[in-house]
1. Sort through 180, 150, 145 and tell me the only one that's of a type in the set (Gly, Ala, Ser) and exposed (fewer than 12 other Cβ atoms within 10 Å of the Cβ).
2. Test residue 127 against the criterion of being open to solvent by 50 Å² or more (accessible area, probe 1.4 Å), among the β-branched types (Val, Ile, Thr) and either in a helix (DSSP H, G or I) or more than 17 Å from residue 44 (Cα to Cα) (or both), and give yes or no.
3. Scan segment 41-89 for residues that are over 15 Å from the mean Cα position of the chain (by Cα), within 14 Å of residue 186 (Cα to Cα) and touching a residue at least 40 places away in the same chain (Cβ under 8 Å) and report the count.
4. Between a residue in segment 175-193 that is of a type in the set (S, T, N, Q) and any residue that is outside any helix (DSSP H, G or I) and surrounded by fewer than 22 Cβ atoms within 10 Å (Cβ to Cβ), which pairs come within a Cβ distance under 7 Å, given they are 6 or more apart or on different chains?
5. Considering only residues that are in contact with a helix residue (DSSP H, G or I) (Cβ under 7 Å, 6 or more places away or on another chain) and outside any helix (DSSP H, G or I), which ones fall in segment 148-183?
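The values are calculated or read from the model by the stated rules, or taken from the named source; none is laboratory data. All values reported here derive from a predicted model rather than from experimental measurement. Reconstructed Cβ throughout: ideal geometry from the backbone, glycine too, with neighbour counts over all protein chains shown. We work out accessible area using only protein heavy atoms, side chains counted, and drop any ligands, DNA or RNA first. Shrake-Rupley method; radii C 1.70, N 1.55, O 1.52, S 1.80 Å.
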Amino acid sequence: MKFFSVEGPVYRFMSTLMNVLLLNLCFLVTSIPIITIGASTVAMYDVMLRMVDDEEGYVVRQFFRAFRANWKQGILLGILNLAAAYAVYLDFSIFQALENPSVFILIIGVLSAFYFALIFLYSYPQVARYENKLWIIMRNSFRIGIKYFGSTLLMLVIIALEAGLFLWKTTLMFLGVLIGPACICFSVSAIMKRVFLKLEKAREEGDAGVE
């Protein structure tokens, strides 16, 4: 039956699910030292951006190829990401610890979280897809996030919903360990790919607004 053939939806679904499981395993293994989590995220985006167009090939081989090619920028980006996340966490912790907290501290925390979310949402896939200096990539990320704000907001909502779902119950947390990071990455990669294609077209027309 064509429904169960190699061209059918069941086979494609199972093939995609297996690739997601393999990628998530690669991500977890290479993220164990923590300091390498940025490089692991870049490598996962490299494969996922190909996967949305069925261009990924052998996912494990492609993952480690991308990991080796981008490990320096990936590690530095991951360290900056962790530092930014800790700074936002510290801001909200101070706000909660004060007896009479200032609204200004809360505003700074919210704005900082939004700013960093825009930067790091686009920085990892940019490192995976383009060759550029890291500080330029991070600057471009904020500009892209604002330029394509609708797509940016949709991706942030998807990430929040999926992360919340995986953290909802203990059984779902176990599922989140198995496929969580790769599933979230796969969910936003299709939107991310469309944003990059629009950006590349705008660059060709000289109206991209990024370097």
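1. Values: 180 fails: exposed (fewer than 12 other Cβ atoms within 10 Å of the Cβ); 145 fails: exposed (fewer than 12 other Cβ atoms within 10 Å of the Cβ).
Result of the check over 180, 150, 145: 150.
2. Details: open to solvent by 50 Å² or more (accessible area, probe 1.4 Å): no; among the β-branched types (Val, Ile, Thr): yes; either in a helix (DSSP H, G or I) or more than 17 Å from residue 44 (Cα to Cα) (or both): yes.
Taking the combined requirement at face value, the residue does not satisfy it.
3. Matching residues across segment 41-89 total 2.
4. 189/52
5. Once the filter is applied, which keeps residues that are in contact with a helix residue (DSSP H, G or I) (Cβ under 7 Å, 6 or more places away or on another chain) and outside any helix (DSSP H, G or I), segment 148-183 yields 148, 167.
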